[in-house]
Amino acid sequence: MRNDTTYRILLAGGLLLLASSCIKDEDLRPCPPLKVTIEVKDKNYFNIGAVESEQRRDENLPFKAYVPTLYYRLQRIDDDGTATLMTEHRLAEVEGDERSIEVVFPDAYPHGKYVMTTWGGLHDMAALDEKREQVTFHPQNRGGDDIYMSHDTLIYDAYRHDYSVELERTKGKLIVEGKDLPLEIHYATKQIASVARHMDLAFRYWEPTFLHEENDWEGQQHVVFKTLASPSLTEHGTQVTIRCYDSPQHDVALLSPPPVKLSIERNRLSAIRYVYEGQDRFKVYVLVNDNWELIHDMDIE
């Protein structure tokens, strides 16, 4: 009696397993294909409310409003760690008004371990290395693109086939404000020294580089300039130097506020405010812990 009961239990369990399983090589219920939904995680900066000149963005806009271009690839990882390229989607502009991008891979792909690498916001592929595993920031020492990245491991089988991945911003934004400037000042140079040149798929940053930008204006005493900058390599490790001129043709600066050291972080706003007091003197404020702090003798008061 016990053997007969055991047989019926095993038979029922086997039928239940068969009903809930799929196979890829015969004409039974086909396995669902691997599906990945790509979403944007960093739609606003972490401290978006800290600087008046940077407005919060609606978080329900289409995907392309945050990330206008997209590249991705899918690799299958063998037991020995070898990566085989299965799909590569060339860099292209994002079309449509969907808030996420759904990718369904061919159902012929075998079950197993996969890695999906996604880059967004690139103008072209020149910033990536040949393996698409590293990005180089600030070509020609300019601000460059607002680059996003995700790198995800996916286990694909009969029960795990529907995934979501989130793109994260790789840079921060530096905001420089000038207030009460003399009307004869129309032009300024800005050097941002010691920010990261490279980043890998684990958001590791290394090797210093610098940015150089020039801005001009007419008839304004309050100006605001924004730069997309890669993170500092150490705390307060980035130095910002501003020089003000009456025109781009002059070599001697009319105003030279003191250099400022600060930290630039991924997906955070950093900010400096220069308030001119006359007689070549400035009060200089830096955003520290999302509050404006007065700088004195290069130290935070």
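The values are calculated or read from the model by the stated rules, or taken from the named source; none is laboratory data. Not measured: the values here are computed from a predicted model. Cβ coordinates were reconstructed from backbone atoms using ideal geometry, including for glycine residues, and neighbour counts include every protein chain displayed. Ligands, DNA and RNA are excluded from the accessible area calculation, which covers all protein heavy atoms including side chains. Shrake-Rupley method; radii C 1.70, N 1.55, O 1.52, S 1.80 Å.
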Checking Gln221 against (1) part of a strand (DSSP E or B); (2) in contact with a Pro (Cβ under 9 Å, 6 or more places away or on another chain), only one condition comes out false. Which one? (1)
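Please specify each residue of region 158-212 satisfying the condition of being among the aliphatic types (A, V, I, L, M), closer than 20 Å to Pro248 by Cβ and assigned to a loop (DSSP other than H, G, I, E, B). I'd like the intermediate steps shown before the answer.
Let us first name the residues in region 158-212 that are among the aliphatic types (A, V, I, L, M), namely 158, 165, 167, 174-176, 181, 183, 185, 188, 192-193, 195-196, 199, 201-202, 211.
Within this subset, residues satisfying the condition of being closer than 20 Å to Pro248 by Cβ are 176, 181, 183, 185, 188, 192, 211.
Within region 158-212, Leu181, Leu183, Ile185 meet the criteria.
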Do you know which residues across region 254-278 are part of a loop (DSSP other than H, G, I, E, B), buried (at least 18 other Cβ atoms within 10 Å of the Cβ) and hydrophobic (A, V, I, L, M, F, W, C)? Ile264
Output the residues belonging to region 113-159 that are open to solvent by 20 Å² or more (accessible area, probe 1.4 Å) and small (Gly, Ala, Ser). Ala126, Ala127, Gly144, Ala158
Could you tell me which residue of region 192-224 is nearest to Tyr148 (Cα to Cα), considering only residues that are open to solvent by 80 Å² or more (accessible area, probe 1.4 Å) and touching a residue at least 40 places away in the same chain (Cβ under 8 Å)? Phe210
Restricting to region 268-301, and then to whatever is of a type in the set (Val, Ile, Thr) and more than 30 Å from Glu168 (Cα to Cα), can you tell me which residue is modelled with the lowest pLDDT? Ile300
Part of a strand (DSSP E or B) and touching an Asp or Glu at 6+ places or on another chain (Cβ under 9 Å), is that true of Ile155? no
Selection from region 31-85 of residues open to solvent by 10 Å² or more (accessible area, probe 1.4 Å), under 30 Å from Trp292 (Cα atoms) and of a type in the set (D, E, K, R) yields Lys41, Lys43, Glu52, Glu54, Arg56, Arg57, Asp58, Glu59
Index of the failed condition, Asp107 passing every other in (1) modelled with pLDDT under 95; (2) within 30 Å of Ala50 (Cβ to Cβ): (2)
Search result, residues across region 225-240 that are open to solvent by 30 Å² or more (accessible area, probe 1.4 Å), closer than 16 Å to Thr189 by Cβ and touching a Ser or Thr at 6+ places or on another chain (Cβ under 9 Å): Lys226, Gln239
So Val67 fits all but one of (1) out of contact with any Asp or Glu (no Cβ under 9 Å at 6 or more places or on another chain); (2) closer than 30 Å to Val286 by Cα; what number is the exception? (1)
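Residues checked against (1) modelled with pLDDT under 95; (2) assigned to a strand (DSSP E or B); (3) at positive phi; (4) not aromatic (Phe, Trp, Tyr):
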position	(1), (2), (3), (4)
Leu28	yes, no, no, yes
Pro33	no, no, no, yes
Val36	no, yes, no, yes
Asn44	no, no, no, yes
Glu54	no, no, no, yes
Asn60	no, no, no, yes
Lys64	no, no, no, yes
Leu74	no, yes, no, yes
Please identify the pairs in which a residue from region 148-162 that is without any contact (Cβ under 8 Å) to a residue 12 or more places away in the chain and under 13 Å from Glu39 (Cβ atoms) has its Cβ atom under 7 Å from the Cβ atom of a residue that is open to solvent by less than 60 Å² (accessible area, probe 1.4 Å) and not in a strand (DSSP E or B), counting only partners at least 6 apart or on another chain. none
Pick out the one residue from Glu93, Glu177 that is among the charged types (D, E, K, R) and in contact with a helix residue (DSSP H, G or I) (Cβ under 9 Å, 6 or more places away or on another chain). Glu93
Return the pair list, or none, for Cβ contacts closer than 8 Å from residues in region 123-134 that are within 14 Å of Phe203 (Cα to Cα) to residues that are open to solvent by less than 70 Å² (accessible area, probe 1.4 Å) and of a type in the set (Lys, Arg), at least 6 apart or on different chains. Arg132/Arg73
Matching residues in region 160-181 - criterion: being open to solvent by 20 Å² or more (accessible area, probe 1.4 Å) and not charged (D, E, K, R): His161, Tyr163, Ser164
Residue under question is Glu52, and the condition is that it be touching a residue at least 40 places away in the same chain (Cβ under 8 Å) and acidic (Asp, Glu); does it hold? no
Verdict on Glu88 being more than 14 Å from the chain's Cα centre (by Cα), in a loop (DSSP other than H, G, I, E, B), surrounded by fewer than 17 Cβ atoms within 10 Å (Cβ to Cβ) and of a type in the set (D, E, K, R): no
